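S.K.: Here it is: the structure, laid out below.
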Amino acid sequence: MRKYYPNYSIGTDAYADIPMVCEKYGTKAVIIGGKHALAAAADLIKEAVKDSKITITGVFEYGGEASREHIDELNSHQEVVDADMIFACGGGKAIDTCKVLAQESKRPFFTFPTIASTCASCTSLGIIYHPDGSLREYSFQEKPSEWIFINTQVIANAPVKYLWAGIGDTMAKFYECTTSARGDGDELDHSTSMGVQISNLCAKPLVKYGVEALEECKNHRPGKALEEVILGIIVSTGFVSNLVGIDLNTGLAHACYNGFTVCRSTEEHGHLHGEIVAYCILILLKVDHQEDEFKKIYEFSKNMGFPVKLADIHATLDDMDAVITKALSGIDVRKWPYEVTPDMILDAVKKIEEVSF
């Protein structure tokens with residue numbers, strides 16, 4: 001068994017480390033990312049390497065979807081083919097496109113997250129879609145990026161909604177991982193045990209610093225709170241994902257999120273993934289009878305502006321039969337300490353609807 005983990009630099013000066021880190025891997029790098037990400041970071045990357053041995057062979061948009069077709073399009077450019085290393089710039093889909101491109105061509109890649117919404121820049125897993133946005137496959141590889149360059153000023157300049165949703169999604173990692181681990185009949189191995197312990201850092205710092213971090217992001221002034229939250233979203237969650245298996249990487253919150261994807265009114269109003277997951281954490285805590293934790297996270301969710309009622313995600317109790325059927329049709333709770341039944345989820349949602357504190 002082999003395990004690989006990326007190193008990282010974080011701060012407003014994180015890109016200054018690029019020459020020191022990357023020169024050992026070659027002299028030619030290509031920057032690939034989303035349109036907005038490239039506008040935010042490409043010139044800063046070029047400036048950071050201008051007096052080094054590294055030449056930027058080209059700057060390319062990834063195509064708007066992490067698809068095989070867009071990977072093939074990128075490979076049609078000689079500048080991409082000739083590059084010694086890939087600089088992946090942007091959010092989850094841009095980074096996953098570059099990740100799979102680099103992994104399959106056996107080249108090192110480096111990630112430059114420009115929003116803090118997922119742990120994609122830290123993980124080895126790449127998620128590939130069809131051009132229409134539907135899921136195609138998971139690309140399971142051993143190696144994540146060699147290094148993550150986390151420029152906190154770039155992230156502070158990004159729309160705050162991505163950080164907000166990222167906090168909701170990241171917190172679920174702790175509750176799902178630790179609950180799933182209770183359902184593992186075998187003794188956890190070293191890697192899995194370490195991942196479960198690290199998962200604490202996916203929730204506690206976010207609850208402590210979340211509200212303040214959003215204010216720092218709104219004001220485009222990165223400070224301690226924003227840095228702690230970014231590390232939780234990108235690094236802590238990424239390490240957990242790399243350490244534990246698929247059954248501990250998901251759970252009841254994401255099962256319920258998947259359920260709400262069949263709720264047309266929720267989809268039509270464009271609610272973000274992490275926003276819905278934040279509400280689904282409340283369902284998990286109610287189903288698992290974690291009442292003290294439920295009260296804490298319910299209050300935190302209200303302070304953060306996360307949904308705490310079905311109406312907040314444009315859903316109703318009438319939608320729940322279809323939502324629950326979809327939620328329990330996947331693999332998310334196949335390793336759980338107990339069987340999750342439709343009545344458990346429905347009862348939890350009804351109790352959440354009645355909460356008035």
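The values are calculated or read from the model by the stated rules, or taken from the named source; none is laboratory data. These figures come from a predicted structure and were not determined experimentally. Note that we place each Cβ from the backbone using ideal geometry, even for glycine, and neighbour counts take in every protein chain shown. Quick note on the areas: whole protein, heavy atoms, side chains included, nothing else; ligands and nucleic acids left out. Shrake-Rupley method; radii C 1.70, N 1.55, O 1.52, S 1.80 Å.
S.K.: If you go through segment 209-240, how many residues are among the polar types (S, T, N, Q), under 17 Å from Gly11 (Cα atoms) and either at pLDDT below 95 or open to solvent by less than 70 Å² (accessible area, probe 1.4 Å) (or both)?
M.R.: Summing the residues that are among the polar types (S, T, N, Q), under 17 Å from Gly11 (Cα atoms) and either at pLDDT below 95 or open to solvent by less than 70 Å² (accessible area, probe 1.4 Å) (or both) in segment 209-240 gives 1.
S.K.: What residue, among those in segment 152-209 that are of a type in the set (A, V, I, L, M, F, W, C) and in contact with a Phe, Trp or Tyr (Cβ under 7 Å, 6 or more places away or on another chain), is farthest from Lys3 (Cα to Cα)?
M.R.: Val207
S.K.: Looking at (1) of a type in the set (S, T, N, Q); (2) open to solvent by 20 Å² or more (accessible area, probe 1.4 Å); (3) touching a residue at least 40 places away in the same chain (Cβ under 8 Å), which is the one condition that is false for Asn200?
M.R.: (3) is the only condition that Asn200 fails.
S.K.: Please go through segment 316-357 and give me each residue that is aliphatic (A, V, I, L, M) and either part of a loop (DSSP other than H, G, I, E, B) or surrounded by 20 or more Cβ atoms within 10 Å (Cβ to Cβ) (or both), ordered by number.
M.R.: Met320, Val323, Ile324, Ala327, Leu328, Ile331, Val333, Val340, Ile345, Ala348, Val349, Val355
S.K.: Test Glu268 against the criterion of being open to solvent by 20 Å² or more (accessible area, probe 1.4 Å) and in contact with a Phe, Trp or Tyr (Cβ under 6 Å, 6 or more places away or on another chain), and give yes or no.
M.R.: no
S.K.: Looking at segment 51-60, can you tell me whether even one residue there is of a type outside the set (D, E, K, R), within 27 Å of Ile233 (Cβ to Cβ) and surrounded by fewer than 22 Cβ atoms within 10 Å (Cβ to Cβ)?
M.R.: Checked segment 51-60: at least one residue is of a type outside the set (D, E, K, R), within 27 Å of Ile233 (Cβ to Cβ) and surrounded by fewer than 22 Cβ atoms within 10 Å (Cβ to Cβ).
S.K.: Restricting to helices (runs of 4 or more DSSP H) lying wholly in segment 263-315: which have 1 or more residues that are modelled with pLDDT of 95 or more?
M.R.: The helices (runs of 4 or more DSSP H) meeting that bar are 273-287, 291-304.
S.K.: Output the number of residues of segment 328-348 satisfying the condition of being at pLDDT 95 or above and either touching a Gly at 6+ places or on another chain (Cβ under 6 Å) or more than 24 Å from Asn249 (Cβ to Cβ) (or both).
M.R.: Counting residues in segment 328-348 that are at pLDDT 95 or above and either touching a Gly at 6+ places or on another chain (Cβ under 6 Å) or more than 24 Å from Asn249 (Cβ to Cβ) (or both) gives 3.
S.K.: Then there is this: Out of the residues in segment 109-138 meeting the condition of being assigned to a strand (DSSP E or B), in contact with a Ser or Thr (Cβ under 9 Å, 6 or more places away or on another chain) and modelled with pLDDT under 95, tell me which one is most open to solvent (accessible area, probe 1.4 Å).
M.R.: Ranking the candidates gives Arg136 first.
S.K.: May I ask you to say which residue of Leu243, Leu163, Leu188, Leu206 is closer than 30 Å to Asp288 by Cα, open to solvent by 20 Å² or more (accessible area, probe 1.4 Å), of a type outside the set (Lys, Arg) and touching a helix residue (DSSP H, G or I) at 6+ places or on another chain (Cβ under 8 Å)?
M.R.: Leu188
S.K.: Anything in segment 246-262 that is assigned to a helix (DSSP H, G or I), open to solvent by 10 Å² or more (accessible area, probe 1.4 Å) and under 16 Å from Glu275 (Cα atoms)? List them, or say none.
M.R.: Selection gives His254, Tyr257, Asn258.
S.K.: Out of segment 97-108, which residues are among the hydrophobic types (A, V, I, L, M, F, W, C) and either under 26 Å from Pro159 (Cα atoms) or at pLDDT below 85 (or both)?
M.R.: Cys98
S.K.: Against the condition open to solvent by 80 Å² or more (accessible area, probe 1.4 Å) and either free of Cβ contacts under 8 Å to residues at least 24 places away in the same chain or over 29 Å from Leu272 (Cα atoms) (or both), how does Lys28 come out, does it pass?
M.R.: Criteria not met by Lys28.
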